Amino acid sequence: FFSCRSMADKAPSGAPQEVPPVDPEVEAKYQLIRSVGEECVTEKELRNLVEKKPNFRLYDGFEPSGRMHIAQGVFKAMNVNKCTKAGGQFVFWVADWFALMNDKMGGDLDKIKTVGRYLIEVWKATGMDMEKVEFVWSSDEINKNAKIYWTQALDVARRFTVARLTKCCQIMGRKEGSLTAAQILYPLMQCTDVFFLKADVCQLGVDQRKVNMLARDYCDAAGRKLKPVILSHHMLYGLKKGQEKMSKSDADSAIFMEDSAEDVRRKILQAYCPREVEAEEGTEKAEGEEDMHLVADQLKNPCLDYVEHILFSKPEATFAAGGTTYDTFQAVKEAFLSEKLSEEALKEGIINAINELLEPVRQHFQTDSEAKALLETIKEWKKAGALEPVRSDVPDKVPEVPVCVVYAPMPKDPASYFSLSSILAIYQRLQAVPEGKTATLYLPDWSAFVCNCLNGDEAAIRAAFTVYVNVLKVKFPALMEKVKVVWQSELILSNPNDYWITVINIGRAFTLKQVRGVLGSGEEKEEEAQKVHDVIMPLMHVSDLVALGASHVICAKEAEGLQLLSKQYTVIEKRGLEVQCMDPELLLLKKDGLVTDAECHVSCMDNEMDVNSKLKKKAFCEPKNTEYCPPLVLATQFVLPLTGKWSLERKEADGGPKEYASAADIVADFSDGSLHPGDLKMSVAKSLNEFLAPIREHFKKEAEAKKAQSDLDKCLKKLAKAKK
């Protein structure tokens with residue numbers, strides 16, 4: 001009755017091999033825990049875990065969103081008891097933060113926690129052995145460990161394509177075309193939970209197997225040797241015909257833990273209960289949607305399903321119906337199919353057995369004062385409608401002084417990151433911030449991480465931004481004194497709860513298709529190959545602007561799509577956002593050169609020899625050609641504007657030294673041939689080295705800058721070595 005997809009579990013071909021003796025105790029524990037799952041990926045790994053790690057950790061998660069049906073209550077309690085008896089420590093991830101994120105209980109975290117405590121009381125009453133069970137509240141743990149949790153989530157995100165994650169979203173019964181951008185985040189976070197909780201076994205339902213398999217795929221991508229075992233339990237049918245699983249939104253689709261004896265009788269008596277396979281109408285699955293059941297069952301009788309998976313789940317269980325006591329489910333099924341056991345008698349037996357299971361729960365909530373108070377409180381909320389979902393955005397906090405944001409570029413391409421063109425672009429944007437607004441230089445380090453900049457090396461990413469800011473402070477000290485430098489990671493960690501709820505709300509406001517097309521790179525991306533960061537980064541960008549209280553953004557033209565998306569989000573739309581695009585000319589030393597070629601750029605980190613060599617040997621500079629002449633552009637658009645003058649050095653025989661204060665004069669002399677390419681190159685190189693000298697000196701003396709450059713250099717060497 002079990003399914004296992006591991007090819008490694010098959011017996012090896014060839015000559016017989018000596019099999020080591022099996023420890024009876026280990027085998028008994030393995031068989032007990034294996035009986036919990038309809039599928040195990042993989043059995044070999046599970047057996048090894050039971051043998052070598054006696055206190056292995058299993059996890060399941062639940063969102064405190066109201067009612068608990070019998071599968072979540074009785075069935076889960078029995079499965080947990082089997083797992084803990086086999087030596088496991090069972091961790092329940094109480095997803096109260098996710099319930100808050102999904103606007104449950106009117107968006108009131110205290111109410112959500114109350115419902116969570118109520119559900120725990122239900123499990124106690126069902127007989128769940130709490131000695132080796134731990135309940136971990138997500139709202140507490142995520143906020144206490146925000147850096148660990150969210151960097152793990154971003155690490156998962158940077159390793160997958162959108163196509164891979166949308167497969168996980170099919171568990172929600174939606175095709176990709178109808179997905180919101182937020183729905184791509186749920187599998188990311190559920191995958192993160194596995195590693196955050198240090199789970200050895202994911203013990204959830206078959207409906208969650210796709211996202212659990214994502215955790216194993218992540219281990220492959222991240223080079224993690226030990227993968228979580230996926231032990232997926234059976235999904236009980238809904239009580240109505242054609243219901244693949246129970247539904248909390250349909251009260252008659254399942255027995256719920258608070259149902260009265262009369263409720264149980266009514267629901268079971270009207271439950272679908274065929275003896276023969278019947279044609280199902282209107283039950284075609286959505287494209288790509290998988291069965292909720294891995295074991296073939298054409299009959300799909302929910303009454304028999306209850307008998308097998310609830311009533312016979314308890315060790316040494318029996319079932320009495322029609323005057324006969326049955327020791328096995330198979331005997332019950334055969335008696336029913338052969339009509340020795342009538343439908344009425346079968347259902348009466350189920351009613352009696354279920355009421356017997358639920359009676360301790362009813363008694364607990366009548367006699368235990370704490371449990372009774374919890375139930376009465378929840379009933380009052382239910383009457384008042386306080387449990388209905390209520391959408392509420394994080395309140396907008398608009399600063400007294402308007403904020404103008406300039407984003408520092410992400411270190412996607414080390415070759416061009418510290419180029420003079422890049423530094424000049426940020427300098428010009430910061431200079432353009434109007435008087436009366438707070439000039440904010442924003443360093444998107446976590447966005448750079450999820451976009452896999454510098455191969456996702458967090459230390460190198462921070463070093464790159466640190467170097468960038470140091471260069472700006474050395475060369476433009478007066479300007480930078482007026483600029484507020486904000487690290488994205490620090491902004492997020494100052495209030496992670498509000499930041500990520502905002503990210504989710506932004507994701508809900510847009511379809512996946514809308515967001516994945518925002519990053520205008522000038523080239524169409526194959527949908528199958530598009531990375532998840534093309535969705536996550538835009539959502540974070542909008543949340544950045546909300547958290548900063550920004551009303552003005554000065555950006556590159558290629559980032560305009562991000563700002564347009566931001567302007568459509570309700571909070572920013574109400575506040576208003578001015579967008580200003582500024583792009584200085586991109587300067588490549590080589591004609592038809594590549595942006596990714598370091599030899600095409602003069603970098604702020606180049607030494608004197610590098611600058612001289614690039615200008616002399618690489619820079620395109622034809623006599624009298626003013627249409628494309630990088631040294632001429634450097635003289636007229638970089639050196640002259642920043643220093644107020646440009647000095648030409650040459651021999652007396654060639655005309656002698658000359659000082660220029662006008663770009664037009666430099667262009668005129670080069671155009672008529674009186675300024676020779678060789679003299680232009682040499683003098684521009686000298687001017688650039690003079691410009692860069694204070695930067696070089698700073699990085700020799702200042703400890704923070706020196707360390708940042710060292711960390712970055714190590715990463716770049718590592719990346720260069722990996723390419724070879």
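Whole-Hz ³J(HN,Hα) for each residue in the stretch 493-508, computed from phi via Karplus 6.51 cos²θ - 1.76 cosθ + 1.60 with θ = phi - 60°, x for glycine and proline: what do you get?
6, 6, 7, x, 4, 5, 4, 7, 5, 5, 4, 5, 4, 5, x, 5
Binning every alpha carbon pair distance of the chain at 10 Å from zero, what are the percents per bin?
2, 12, 19, 20, 16, 11, 8, 6, 4, 2, 0, 0, 0
For L269 and S249, what is the calculated FRET efficiency with R₀ set at 30 Å and r taken between the beta-carbons, to the nearest 0.05? Walk me through the numbers on the way to the answer.
Details: r = 22 Å, r/R0 = 0.73.
Efficiency for this residue pair is about 0.85.
When ranked by the protection proxy of mean other Cβ atoms within 10 Å per residue, highest first, what sequence do the peptides 585-596, 63-74 form?
63-74, 585-596
For the stretch 398-479, what does the accessible surface come to per residue with a 1.4 Å probe? Please give it in Å². Display every interim value, and only then the final one.
On the way: 2670 Å² over 82 residues.
Accessible area per residue: 33 Å².
Taking Cα centroids, how far is the stretch 358-382 from the stretch 83-124 in Å?
One Cα centre to the other: 16 Å.
Divide, for the stretch 284-378, the radius of gyration over alpha carbons by 2.2 N^0.38 Å, where N is the residue count.
So the stretch 284-378 has a normalised radius of gyration of 1.42.
Using a cut-off of under 15 Å, list every residue of the stretch 450-493 whose amide N is near the label point 7 Å from the Cα of L642 along the Cα-to-beta-carbon line.
468-480
Averaged per residue, what accessible area in Å² does the stretch 636-724 show with a 1.4 Å probe, protein chains only?
On the way: 5360 Å² over 89 residues.
With all protein chains present, the stretch 636-724 gives 60 Å² per residue.
Report, in listed order, any pair from K104/K210; K104/K531; K104/K379; K412/K700 with a Cα-Cα distance greater than 19 Å. Can you show the working numbers first?
Numbers: K104/K210 25 Å; K104/K531 31 Å; K104/K379 15 Å; K412/K700 25 Å.
In this structure, K104/K210; K104/K531; K412/K700 exceed 19 Å between Cα atoms.
Out of residues 5 or more away from G517 or on other chains, whose amide H comes under 5 Å of its own, with H placed 1.01 Å from N in the peptide plane?
For G517, whose amide H was placed from the backbone, there are no distant partners under 5 Å.
By how many degrees, between 0 and 90 and to the nearest 10, does the Cα long axis of helix 703-723 differ from the longest principal axis of the chain?
70
Using 7 Å Cα-to-Cβ label points, what is the E458/K706 separation (nm, one decimal)?
The answer from the label model is 2.7 nm.
Hey, what's the stretch 79-220 come to in accessible area per residue, 1.4 Å probe, Å²?
Details: 4280 Å² over 142 residues.
Accessible area per residue: 30 Å².
What length, rounded to one decimal in nm, is gained on full extension from K85 through to L299, with 0.36 nm per residue of separation minus their alpha-carbon distance? Display every interim value, and only then the final one.
Numbers: separation 214, 0.36 × 214 = 77.04 nm, distance 3.32 nm.
Extra length from K85 to L299 when fully extended: 73.7 nm.
Run the quick spin-label model on A261 and A222: label points 7 Å from Cα toward the beta carbon, then report their separation in nm to one decimal.
About 5.2 nm separates the two model spin labels.
Quick one: if the Förster radius is 22 Å, what FRET efficiency do S342 and Q363 give, using the C-beta to C-beta distance and rounding to 0.05?
On the way: r = 31 Å, r/R0 = 1.43.
Given R0 = 22 Å and the Cβ-Cβ separation, E is 0.10.
Could you list the residues of the stretch 335-351 with an amide nitrogen less than 17 Å from a label point located 7 Å from the Cα of T325 in the Cα-to-C-beta direction?
Once the point is set 7 Å along Cα→Cβ of T325, 349-350 turn out to lie under 17 Å by backbone N, inside the stretch 335-351.
Express in nm, to one decimal, how much length is gained between E599 and K198 on full extension, taking 0.36 nm for each residue of separation and deducting their alpha carbon distance. Working shown, then result.
Details: separation 401, 0.36 × 401 = 144.36 nm, distance 4.62 nm.
So the extension gain works out to 139.7 nm.
What value, in deg cm²/dmol to 500, does the helix sum -39500 (n - 2.57) over DSSP H runs of n ≥ 4 give at 222 nm once divided by the residues of the chain? If you can, show how the numbers build up before the last one.
On the way: 32 runs with 344 residues, N = 724.
Computed mean residue ellipticity for the chain: -14500 deg cm²/dmol.
Got a number for carbon plus sulfur as a percent of the chain's accessible area, 1.4 Å probe? If you can, show how the numbers build up before the last one.
On the way: 16790 of 33810 Å².
So the carbon and sulfur contribution to the accessible surface is 50 percent.
Using each residue's phi in the stretch 583-597, evaluate 6.51 cos²θ - 1.76 cosθ + 1.60 at θ = phi - 60° and report the 3J(HN,Hα) Karplus result to the nearest Hz, with x for Gly and Pro.
With coefficients 6.51, -1.76 and 1.60, one gets 10, x, 4, 6, 9, 10, 5, 8, 6, 6, x, 9, 4, 7, 8 Hz.
Return the long-range amide H neighbours of S419 (sequence gap of 5 or more, or a different chain), with a cut-off of under 5 Å between placed amide H atoms.
C604
Using a 10 Å cut-off on Cβ atoms, rank the peptides 309-320, 148-159, 539-550 from the highest mean neighbour count down. Provide the component values of the computation, followed by the final result.
Values: 309-320: 16.8, 148-159: 21.2, 539-550: 23.8.
The most tightly packed comes first, giving 539-550, 148-159, 309-320.
Given a Förster distance of 35 angstrom, what is the FRET efficiency for N55 paired with T318, based on the Cβ-Cβ distance and rounded to 0.05?
Values: r = 33 Å, r/R0 = 0.94.
Result of the calculation: an efficiency of 0.60.
Using a 7 Å offset from the Cα along the Cα-to-Cβ direction at both A693 and A163, what is the distance between the two label points in nm, to one decimal?
5.6
Probe radius 1.4 Å, ligands and nucleic acids left out: which of D396, D327 has the largest accessible area, and how do the rest follow?
Values: D396 60, D327 110 Å².
These residues rank, largest area first, as D327, D396.
Stokes-Einstein diffusion coefficient for the stretch 174-279 at 4 °C in a medium of 1.567 mPa s, Rh from the Kirkwood formula over Cα pairs: what value in µm²/s? Write out the running numbers ahead of the final one.
Working: Rh = 16.8 Å.
In µm²/s, the coefficient rounds to 77.
The values are calculated or read from the model by the stated rules, or taken from the named source; none is laboratory data. These numbers come from a predicted model, not from an experiment. Glycine gets a Cβ as well: all are built from the backbone with ideal geometry, and neighbour counts include every protein chain shown. Each accessible area value is taken on the protein alone, full model and side chains, heavy atoms only, with ligands, DNA and RNA left out. Shrake-Rupley method; radii C 1.70, N 1.55, O 1.52, S 1.80 Å.
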